[in-house]
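Asker: My questions all concern the structure below.
The values are calculated or read from the model by the stated rules, or taken from the named source; none is laboratory data. For clarity, every value in this text was computed on a predicted model and none was experimentally measured. Reconstructed Cβ throughout: ideal geometry from the backbone, glycine too, with neighbour counts over all protein chains shown. In case anyone asks, the SASA skips ligands and DNA or RNA and just uses the protein heavy atoms, side chains included. Shrake-Rupley method; radii C 1.70, N 1.55, O 1.52, S 1.80 Å.
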Amino acid sequence: MTLSSLTIAPFRLCSALFLLLLSMPVVAQTLVIAQISDRPKKDFRQLRPMVQFMAKELEAHGFRRGEVRLFPDYEQLSAAIRAGEVHWVTETPLTAARLVQAELATPLLRKWKRGQRSYQSLIYVRADSDINTLQQLKGKTIALEHQDSFSSYLLPLMALQAEGLKPLKLDKPGQLPPADQVGYLFSRNEKNNVLWVDKGVTAAGSVNDGDWTTPGRLPAGLTEKMRIIYRSEHYPRAFELVTPALAPAAAQALAQRLLTLDDEHNALLQRYEQTSRFEHASAKDMQLLQQLSTGIAP
């Protein structure tokens, strides 16, 4: 065997291996969208059509199917992201800020959820209550939804603290806080929230303005029996975020496709938490997510 043939043989072998690799199909991946949820059946139905649609749209990036992962709290969601099990997260500003500040996700788009570009937190009491200000909640109890709620946890607690009040988590209904503090209990959802105030379980409650004004969100007739004593500023309704598990090119393709969804895809958008549109997150949005005090270490 000549020296030239010894040189050419390895080259031919490498070329053959290279062509073989090119001919092999790309391993199909599953695009995973995640959210914190205490209503998994409902949220699964809302998220599944969109992630399945987008998985097909991202086929050039190796995705063939979509999957929904729902988590009961931030701790389990963040653990799954750290394990590389989640590509895409759709969430409210509280969870979005926690993920951004922990460097676990990057904001992709701002989402008009339930037709709302922004929303605010309301604190309310029964119409016949003698409570007119937040200061008068001292020694009393307010119903919040759950600790991962932006509008019915973080914002009302921020409002109380801004008034110099000290919120205290209570263990069960009927328990009273000290006279100089404001107790709070988790009602789990907006319907329970207003029912607890109506029945006197708590002196006050907190929901967002979309729940308050949209027919069917709260038990019929109960808002007329209530009186709002506080309204927060308006904040972004929701964000789409991507994790390091999603390649930058795929993340860019995801954003572009979401932005181009139009009236032709109205049924898909409505299934997706009644989304009316997406838009680019602004510099102000980014600053909010980076600086929002979440009250919980990432």
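Asker: Going by the structure shown, is Q46 among the polar types (S, T, N, Q), surrounded by 15 or more Cβ atoms within 10 Å (Cβ to Cβ), outside any strand (DSSP E or B) and modelled with pLDDT of 95 or more?
Answerer: Details: among the polar types (S, T, N, Q): yes; surrounded by 15 or more Cβ atoms within 10 Å (Cβ to Cβ): yes; outside any strand (DSSP E or B): yes; modelled with pLDDT of 95 or more: yes.
Taking the combined requirement at face value, the residue satisfies it.
For (1) closer than 19 Å to T294 by Cβ; (2) open to solvent by 40 Å² or more (accessible area, probe 1.4 Å); (3) assigned to a loop (DSSP other than H, G, I, E, B), each residue gets a yes or a no:
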site: L31; (1), (2), (3): no, no, no
site: M50; (1), (2), (3): no, no, no
site: M54; (1), (2), (3): no, no, no
site: L70; (1), (2), (3): no, yes, no
site: L94; (1), (2), (3): yes, no, no
site: V100; (1), (2), (3): yes, no, no
site: I123; (1), (2), (3): no, no, no
site: S129; (1), (2), (3): no, no, yes
site: Q136; (1), (2), (3): no, yes, no
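Quick grid of which residues meet (1) free of Cβ contacts under 8 Å to residues at least 40 places away in the same chain; (2) touching a helix residue (DSSP H, G or I) at 6+ places or on another chain (Cβ under 9 Å):
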residue	(1), (2)
K113	no, yes
S152	no, yes
L155	no, yes
P178	yes, no
N193	no, yes
W196	no, no
V207	no, yes
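Asker: If you don't mind, another one. Filter the helices (runs of 4 or more DSSP H) completely within region 242-298 down to those with at least 3 residues that are open to solvent by 20 Å² or more (accessible area, probe 1.4 Å), farther than 24 Å from Q29 by Cβ and touching a residue at least 60 places away in the same chain (Cβ under 8 Å).
Answerer: Numbers: elements: 248-260, 266-271, 283-291.
The helices (runs of 4 or more DSSP H) meeting that bar are 283-291.
Asker: Residue check, A60 against (1) modelled with pLDDT of 95 or more; (2) in a loop (DSSP other than H, G, I, E, B); (3) surrounded by fewer than 18 Cβ atoms within 10 Å (Cβ to Cβ), all met but one. Which one?
Answerer: Of the numbered conditions (1) modelled with pLDDT of 95 or more; (2) in a loop (DSSP other than H, G, I, E, B); (3) surrounded by fewer than 18 Cβ atoms within 10 Å (Cβ to Cβ), the odd one out for A60 is (2).
Asker: Look at D211 and say whether it is in a loop (DSSP other than H, G, I, E, B), acidic (D, E) and crowded, with 17+ Cβ neighbours inside 10 Å.
Answerer: Working: in a loop (DSSP other than H, G, I, E, B): no; acidic (D, E): yes; crowded, with 17+ Cβ neighbours inside 10 Å: yes.
No.
Asker: Return yes or no: is S118 within 30 Å of F239 (Cβ to Cβ) and either without any contact (Cβ under 8 Å) to a residue 12 or more places away in the chain or open to solvent by less than 30 Å² (accessible area, probe 1.4 Å) (or both)? Talk me through it step by step, then tell me what you get.
Answerer: On the way: within 30 Å of F239 (Cβ to Cβ): yes; either without any contact (Cβ under 8 Å) to a residue 12 or more places away in the chain or open to solvent by less than 30 Å² (accessible area, probe 1.4 Å) (or both): no.
Answer is no for this residue.
Table: residues versus (1) of a type in the set (V, I, T); (2) more than 19 Å from Q46 (Cβ to Cβ).
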| residue | (1), (2) |
| --- | --- |
| H61 | no, yes |
| R82 | no, yes |
| P107 | no, yes |
| K111 | no, no |
| Q116 | no, no |
| D130 | no, yes |
| T133 | yes, yes |
| G139 | no, yes |
